[in-house]
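**Q** Following this message is one structure expressed as structure tokens.
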Amino acid sequence: MADGTSFYITTPIFYVNDAPHIGHAYTEVAADVLARWHRQAGDRTWFLTGTDEHGQKILRTATANGVTPKEWADKLVSESWYPLLDTIDISNDDFIRTTDVRHEQNVQLFLQRLYDAGFIYTGEFEGYYCVGCEEYKQESDLVQGTGEYVGQLVCAIHSKPVELLQESNYFFRMSDFAERLLALYEERPEFVQPESARNEVIQFVRQGLKDLSISRSTFDWGIKVPWDESHVVYVWFDALLNYITAAGYGSDEEAFAERWPATQIVGKDILRFHAVIWPAMLMAAGLEVPKRVFGHGWLLVGGEKMSKSKLTGIAPSEITDTFGSDAFRYYFMRAIAFGQDGSFSWEDLSARYQAELANGFGNLASRVLAMVTRYFDGVVPASGPAEPADVAIQETVARAAADADAAIERLAIQDALAAIWRIVDELNGYITEQEPWVLAKDEAKRERLGTVLATAVEGLRALSVLLHPFVPKATTKLWSALGAEAALGELGAQRIGDVGTWGQLPAGTSVAGLEPLFPRIEAVAE
Ligand code: MSP
């Protein structure tokens, strides 16, 4: 159970070469659900997201569009990346851009400290580089190209040719840290998750680490190396530091001490940066490594990672315009086990929307409130003595809350939802069995009718609280229809740990009717 400690959670920062697709939104939603849950668990939560704006990839896109890279980044951030947060209802506490002064200054500070401590030297670099990944590649990372790239080696992720670089650069002595990294993975098995990702990282580091080229001098869109302004900092070295520059490193040491280290959510394609390079950088600077790094899977299209560059990207608004942000959030958290790949399908989304959200949860809420309105003039009735079926509902709620909390702790978001959904299913079963509409016909059963509806209303209270991190809009509507806002205060301030305490919504509370939480959808986009 969360215990009021500090919970700092991050998403990767997103490249601004293009607008977001649902793969990016997936990362954001997962981190947002975890942040909202921890806030409701009473932890001092801080949720960071942002944009990665330097490097060749952005420079080339901007040049191709006839604007400066900063103009391009400003446009994409204001027209696409900020609006994404609204589209999928993200509750971030901060948004860092790598072009922020607070970031640039403290990247330089960090680098200077590493330089002064002897972790940086000048060397020659020769090797392959993928601009799509902004990554130096080893031959084992490359595959034979197909189509127009037949006969060339291409990046396995982007399917595009890599470039041969030959430059004089600054290097970070990453090779010094292989042993310490292996010891870290050993001592803290939860540091890299899931297990498959951890094994891969250990395999990789066991082969030995090379020093890392951390500057470029052939273009200038980046943060200047403080002691040599003819170089800019390698974009990944710059980007990884966002997690600490935003948290106060170099500018607000008190805030930094309170927040860092973080739980870091990343896609599996960028796990090595976060589980190898990043902790090595932190170790060199004498800072703590992250609490844990979790590599989630990809949204696939035709078996491949969805991507704008391969023209398979679906804009999040294509889904939310029809289904709403709650359905988007619910669907991706429920249908894909966090840590595994998953395929998006309109049919699956549509089926789950109808069966689980509209029929399962939405109808339950509308029916219960309609019965309170019809049989008790819209006022929550008093409960009489509890029968075993009523107690069973109380127990289901308590168990679901504990199971969901434990699942969130291990970042098994889909298991948390499944645990909470047991309440939806059991409450639906309870109402079918208790038949309040039959009880209502017999004046002698009036007290029993009150108990059944009061139990159902309490179940809805608990569901509002537990589902709030997943479907914030629908649960807020339900909370207000339950009259809970007035009786118990804001939904976001309700504690997960208290949800099982029965009888919180007092008898006599006035409820309101409820429009369908998940209205029927007439036509679904193909
Ligand atoms: N800028 C770097 C991250 C720097 S963090 C210090 C980057 N940006 S990105 O925009 O390409 O990707 C950001 C995140 O989106 C990554 O976690 C990536 O895995 C995720 N996704 C991009 N496409 C995705 C899917 N098709 N499916 C799921 N997540 C995907 O990498």
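**Q** Among the residues that make up region 29-41, is at least one of them closer than 24 Å to residue 134 by Cβ and touching a Ser or Thr at 6+ places or on another chain (Cβ under 9 Å)? Lay out the reasoning, then the answer.
**A** Applying the first criterion (closer than 24 Å to residue 134 by Cβ) to region 29-41 yields 30-31.
From what is left, the residues that are touching a Ser or Thr at 6+ places or on another chain (Cβ under 9 Å) are 30-31.
Checking region 29-41: at least one residue is closer than 24 Å to residue 134 by Cβ and touching a Ser or Thr at 6+ places or on another chain (Cβ under 9 Å).
Quick grid of which residues meet (1) in contact with a strand residue (DSSP E or B) (Cβ under 6 Å, 6 or more places away or on another chain); (2) in a loop (DSSP other than H, G, I, E, B); (3) in contact (Cβ under 8 Å) with a residue 60 or more places away in the chain; (4) open to solvent by less than 60 Å² (accessible area, probe 1.4 Å):
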| residue | (1), (2), (3), (4) |
| --- | --- |
| 175 | no, no, no, yes |
| 184 | no, no, yes, yes |
| 190 | yes, yes, yes, no |
| 201 | yes, no, yes, yes |
| 205 | no, no, yes, yes |
| 208 | no, yes, no, yes |
| 231 | yes, no, yes, yes |
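**Q** Could I ask something else about it? So which of 61, 98, 11 is over 19 Å from residue 325 (Cβ atoms), out of contact with any Pro (no Cβ under 9 Å at 6 or more places or on another chain) and polar (S, T, N, Q)? If you could, list the steps in order and put the result at the bottom.
**A** Numbers: 61 fails: out of contact with any Pro (no Cβ under 9 Å at 6 or more places or on another chain); 11 fails: over 19 Å from residue 325 (Cβ atoms).
Among 61, 98, 11, only 98 is over 19 Å from residue 325 (Cβ atoms), out of contact with any Pro (no Cβ under 9 Å at 6 or more places or on another chain) and polar (S, T, N, Q).
**Q** If I filter region 263-271 for residues that are more than 16 Å from the ligand (Cβ to nearest atom) and either open to solvent by less than 10 Å² (accessible area, probe 1.4 Å) or touching a helix residue (DSSP H, G or I) at 6+ places or on another chain (Cβ under 9 Å) (or both), do I get at least one hit? Steps first, please.
**A** Our first condition is that a residue be more than 16 Å from the ligand (Cβ to nearest atom); within region 263-271, this holds for none.
Among the residues of region 263-271, not one is more than 16 Å from the ligand (Cβ to nearest atom) and either open to solvent by less than 10 Å² (accessible area, probe 1.4 Å) or touching a helix residue (DSSP H, G or I) at 6+ places or on another chain (Cβ under 9 Å) (or both), which makes the answer no.
**Q** OK, next. Surrounded by 23 or more Cβ atoms within 10 Å (Cβ to Cβ) and more than 16 Å from the ligand (Cβ to nearest atom): does that describe residue 215?
**A** Values: surrounded by 23 or more Cβ atoms within 10 Å (Cβ to Cβ): yes; more than 16 Å from the ligand (Cβ to nearest atom): yes.
It is true that residue 215 is surrounded by 23 or more Cβ atoms within 10 Å (Cβ to Cβ) and more than 16 Å from the ligand (Cβ to nearest atom).
**Q** If you check every pair at least six apart or on different chains, which have Cβ atoms under 8 Å apart with a residue in region 59-70 that is farther than 16 Å from residue 218 by Cβ first and a residue that is open to solvent by 50 Å² or more (accessible area, probe 1.4 Å) and part of a helix (DSSP H, G or I) second?
**A** 62/71; 67/75
**Q** So which residues in region 494-519 are more than 22 Å from residue 360 (Cβ to Cβ) and either free of Cβ contacts under 8 Å to residues at least 40 places away in the same chain or of a type in the set (Phe, Trp, Tyr) (or both)?
**A** 498, 501, 502
**Q** Let me ask something else about it. Do we find that residue 151 is open to solvent by 20 Å² or more (accessible area, probe 1.4 Å) and either more than 33 Å from the chain's Cα centre (by Cα) or farther than 21 Å from residue 217 by Cα (or both) in this structure?
**A** Details: open to solvent by 20 Å² or more (accessible area, probe 1.4 Å): yes; either more than 33 Å from the chain's Cα centre (by Cα) or farther than 21 Å from residue 217 by Cα (or both): yes.
Yes: the conditions hold for residue 151.
**Q** With the condition kept exactly as written, say whether any residue in region 320-333 is closer than 26 Å to residue 475 by Cβ and open to solvent by 30 Å² or more (accessible area, probe 1.4 Å). Spell out the reasoning first.
**A** Residues of region 320-333 that are closer than 26 Å to residue 475 by Cβ, as a first pass: 320-333.
Imposing the further condition that a residue be open to solvent by 30 Å² or more (accessible area, probe 1.4 Å) reduces the set to 321-322.
Yes, region 320-333 contains a residue that is closer than 26 Å to residue 475 by Cβ and open to solvent by 30 Å² or more (accessible area, probe 1.4 Å).
**Q** Additional query: Out of the residues in region 288-314 that are open to solvent by less than 40 Å² (accessible area, probe 1.4 Å) and hydrophobic (A, V, I, L, M, F, W, C), state the one that is farthest from the ligand (Cβ to nearest atom).
**A** Filtering region 288-314 for residues that are open to solvent by less than 40 Å² (accessible area, probe 1.4 Å) and hydrophobic (A, V, I, L, M, F, W, C), the one farthest from the ligand (Cβ to nearest atom) comes out as 289.
**Q** Considering only region 233-248, state which residues are outside any loop (DSSP other than H, G, I, E, B), open to solvent by less than 10 Å² (accessible area, probe 1.4 Å) and not charged (D, E, K, R).
**A** Pass one, region 233-248, residues outside any loop (DSSP other than H, G, I, E, B): 233, 235-240, 242-245.
Okay, now just the ones that are also open to solvent by less than 10 Å² (accessible area, probe 1.4 Å), so 233, 235, 237-240, 242-245.
Hits for region 233-248 are 233, 235, 237, 239, 240, 242, 243, 244, 245.
**Q** Output the residues belonging to region 134-148 that are without any contact (Cβ under 8 Å) to a residue 60 or more places away in the chain and either open to solvent by 30 Å² or more (accessible area, probe 1.4 Å) or in a loop (DSSP other than H, G, I, E, B) (or both). Spell out the reasoning first.
**A** Restricting attention to region 134-148, the residues satisfying the condition of being without any contact (Cβ under 8 Å) to a residue 60 or more places away in the chain are 137-148.
Correct list: 138, 139, 140, 141, 143, 144, 145, 146, 147, 148.
**Q** Just name the residue that is nearest to the chain's Cα centre (by Cα) out of those in region 495-512 that are farther than 13 Å from residue 458 by Cβ and open to solvent by less than 60 Å² (accessible area, probe 1.4 Å). Please lay out each step first, then the result.
**A** First pass over region 495-512, keeping only residues farther than 13 Å from residue 458 by Cβ: 495-497, 508, 510, 512.
Narrowing the set further to residues that are open to solvent by less than 60 Å² (accessible area, probe 1.4 Å) leaves 496-497, 508, 512.
On the way: 496: 19, 497: 22, 508: 39, 512: 33 Å.
Checking each candidate, the answer is 496.
**Q** Also: Let me confirm something: among 170, 234, 185, which residue is hydroxyl-bearing (Ser, Thr, Tyr) and within 16 Å of the ligand (Cβ to nearest atom)?
**A** None of the other options fit; the residue is 234.
**Q** Do we find a residue being of a type in the set (A, V, I, L, M, F, W, C), in contact with a strand residue (DSSP E or B) (Cβ under 7 Å, 6 or more places away or on another chain) and open to solvent by less than 40 Å² (accessible area, probe 1.4 Å) anywhere in region 395-414? If you could, list the steps in order and put the result at the bottom.
**A** Going through region 395-414, the residues of a type in the set (A, V, I, L, M, F, W, C) turn out to be 397-398, 400-402, 404, 406-408, 411-413.
Checking which are in contact with a strand residue (DSSP E or B) (Cβ under 7 Å, 6 or more places away or on another chain) leaves us with 411.
Remaining after also requiring open to solvent by less than 40 Å² (accessible area, probe 1.4 Å): 411.
Yes, because at least one residue in region 395-414 is of a type in the set (A, V, I, L, M, F, W, C), in contact with a strand residue (DSSP E or B) (Cβ under 7 Å, 6 or more places away or on another chain) and open to solvent by less than 40 Å² (accessible area, probe 1.4 Å).
**Q** Turning to a different aspect of this structure: Restricting to region 211-237, count the residues that are closer than 25 Å to residue 185 by Cα and in contact with a Ser or Thr (Cβ under 6 Å, 6 or more places away or on another chain). Give the derivation first.
**A** Narrowing region 211-237 to residues closer than 25 Å to residue 185 by Cα: 211-214, 236-237.
Narrowing the set further to residues that are in contact with a Ser or Thr (Cβ under 6 Å, 6 or more places away or on another chain) leaves 211.
Final tally of qualifying residues: 1.
**Q** Still on this structure: Just to verify a result, which residue in region 471-493, among those that are of a type in the set (Ser, Thr, Tyr) and without any contact (Cβ under 8 Å) to a residue 24 or more places away in the chain, is most open to solvent (accessible area, probe 1.4 Å)? Step through it out loud before you land on a result.
**A** Taking region 471-493 first, the residues of a type in the set (Ser, Thr, Tyr) are 475-476, 480.
Of the ones still in play, those that are also without any contact (Cβ under 8 Å) to a residue 24 or more places away in the chain are 475-476.
Working: 475: 0, 476: 62 Å².
Step by step, filter region 471-493, then rank; the result is 476.
**Q** Next up: If we only count helices (runs of 4 or more DSSP H) wholly inside region 1-76, which ones have 3 or more residues that are within 11 Å of the ligand (Cβ to nearest atom) and either of a type outside the set (D, E, K, R) or surrounded by 24 or more Cβ atoms within 10 Å (Cβ to Cβ) (or both)?
**A** Working: elements: 22-40, 56-64, 69-76.
Filter on region 1-76 gives 22-40.
**Q** Cβ contacts < 6 Å: first residue over 21 Å from residue 6 (Cβ atoms), restricted to region 264-284; second residue more than 10 Å from the ligand (Cβ to nearest atom) and in a strand (DSSP E or B), any location; separation 6+ or different chain. Result?
**A** 275/192; 275/293
One line per residue, one yes/no per condition, for (1) without any contact (Cβ under 8 Å) to a residue 40 or more places away in the chain; (2) closer than 30 Å to residue 192 by Cα; (3) open to solvent by 60 Å² or more (accessible area, probe 1.4 Å); (4) under 31 Å from the mean Cα position of the chain (by Cα):
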residue: 419; (1), (2), (3), (4): yes, yes, no, yes
residue: 423; (1), (2), (3), (4): no, no, no, yes
residue: 430; (1), (2), (3), (4): no, no, no, no
residue: 441; (1), (2), (3), (4): yes, no, yes, no
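The values are calculated or read from the model by the stated rules, or taken from the named source; none is laboratory data. All figures in this text were calculated on a predicted structure; none of them were measured in a lab. Every residue, glycine as well, gets a Cβ built from its backbone with ideal geometry; the counts of neighbours run over all protein chains shown. Note: areas computed on protein heavy atoms with side chains; ligands, DNA, RNA excluded. Shrake-Rupley method; radii C 1.70, N 1.55, O 1.52, S 1.80 Å.
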